[in-house]
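Student: One structure, pasted below without further comment.
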Amino acid sequence: MNYLRALLFSVFVIILVMVGVGFPYLLDSFFGYFGNPNGSDVPEWGSLIVLTVTAYIVWEYTKAAQKSNDIQERPMLNLDVQYLDSSNINPVLEFRLKNVGFGPAYNIQISPLKGSLHVYEPIFKKEPGRILEPRVGDQKVNFNIVIPNEGYGTDSGGTFFAHMLKDLFPRDADQKDSGVWLVNYSGVGGQQFYSIFRFYPEVLIFPLVSLRVEFIRTGKGGCTIGSARRICREKEIKL
């Protein structure tokens, strides 16, 4: 499709150049026929007008082509929370990332989630690079938990998530920014992107019953967790 577009554009430019060369002389003949003494000046300003229009069209096409290439190569990550087992008091959850863009996502980094007692570190793949190819299914995100004076622990099913959600969402929690999920990643050319989500229980006293995930924003460049929290605080939750 890109080759066909380039071919058609090349033909279009050639036609414009041909018109730019011939059109001023046609005007010169026209004005000369009616006895315009300044007819010989027509090719100069006529060529200038045609070349200016051609340059503008080329510039607009270049911008559109660049934007199209950016879209075709850009990754875009999506967050989903799945209930694997909701039959008991402590359902088993999985946080999963999927690349719904058109290009691969590299160097995926998820900011830690800070609760009132512990810090929870999302871990997306341990191998170097942390690549997520586009449209090939979602991938599970594991967690490390930083326990004061005890070091690291790992998620262990429903009990882990029950403690994590109660820690992130106490009764007086502000649901706007307690569960901010910030992902920074890069594209094919090394360009940086970010995606912001937030998750929160629809009912604070039952945090595991119904967990809602909400997309907030995606953009170019990097983003800090402080900026992500500020953006989330400015956006009302949907209950």
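Student: Tell me the residue from Q72, Q109, Q82 that is surrounded by fewer than 20 Cβ atoms within 10 Å (Cβ to Cβ), modelled with pLDDT of 90 or more and either within 14 Å of the chain's Cα centre (by Cα) or in the same structural domain as F215 (by TED's automatic domain parsing) (or both), please.
Tutor: Within the list Q72, Q109, Q82, the selection yields Q109.
Student: Out of segment 187-200, which residues are crowded, with 19+ Cβ neighbours inside 10 Å and modelled with pLDDT of 90 or more?
Tutor: G187, F193, Y194, S195, I196, F197, R198, F199
Student: Looking at segment 124-132, can you tell me whether even one residue there is closer than 20 Å to L211 by Cβ, out of contact with any Cys (no Cβ under 9 Å at 6 or more places or on another chain) and at pLDDT 65 or above?
Tutor: Yes, because at least one residue in segment 124-132 is closer than 20 Å to L211 by Cβ, out of contact with any Cys (no Cβ under 9 Å at 6 or more places or on another chain) and at pLDDT 65 or above.
Student: Please tell me if G101 is crowded, with 17+ Cβ neighbours inside 10 Å and modelled with pLDDT under 70.
Tutor: Judged against the criteria, G101 is not a match.
Student: Within segment 164-186, count every residue that is out of contact with any Phe, Trp or Tyr (no Cβ under 6 Å at 6 or more places or on another chain), surrounded by 18 or more Cβ atoms within 10 Å (Cβ to Cβ) and not charged (D, E, K, R).
Tutor: Summing the residues that are out of contact with any Phe, Trp or Tyr (no Cβ under 6 Å at 6 or more places or on another chain), surrounded by 18 or more Cβ atoms within 10 Å (Cβ to Cβ) and not charged (D, E, K, R) in segment 164-186 gives 7.
The values are calculated or read from the model by the stated rules, or taken from the named source; none is laboratory data. Treat the numbers as computed from the prediction; the structure is a model and nothing was measured. Virtual Cβ from ideal backbone geometry, glycine too; neighbours counted across all protein chains shown.
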